[in-house]
Amino acid sequence: MSIKSVARVALSLTLLSGAAVSLSACNTVRGAGQDVSSVGHNVSRGANATQDAIQRHTDASTH
């Protein structure tokens, strides 16, 4: 077996294992949607908090 074949099999097993873990973490499409929604909300909250902090810092440095 060549090195490329071994690497291809290893990559395939890694991807399949990752997919299995992902699918077992959210058993349904609804669960997956909730997970994605939760991540989106957290990113949005983080962006808003960062924007507020920048605004406070900018306002404080101008006074």
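Calculate, for K4 and V29, the FRET efficiency according to 1/(1 + (r/R0)^6) with r their C-beta to C-beta distance and R0 35 Å; round to the nearest 0.05.
Taking R0 as 35 Å, the efficiency between K4 and V29 is 0.45.
Of [x] 11.6; [y] 13.7; [z] 15.6, which is the value of Kirkwood radius over Cα pairs in Å derived from the coordinates here?
Structure-derived value, by its label: [z].
Can you give the FRET efficiency for L16 and S38, using 1/(1 + (r/R0)^6), R0 = 25 Å, r = Cβ-Cβ distance, to the nearest 0.05?
Efficiency at R0 = 25 Å is approximately 0.50.
Specify the angular offset, from 0 to 90 degrees and rounded to the nearest 10, of the alpha carbon long axis of helix 29-62 from the longest principal axis of the alpha carbons in the chain.
30
The numbers here are math on the coordinates, done by the rules we state, and not lab data. All figures in this text were calculated on a predicted structure; none of them were measured in a lab. Ideal geometry is used to build each Cβ from the backbone, glycine not excepted, and the neighbour counts take in all protein chains shown.
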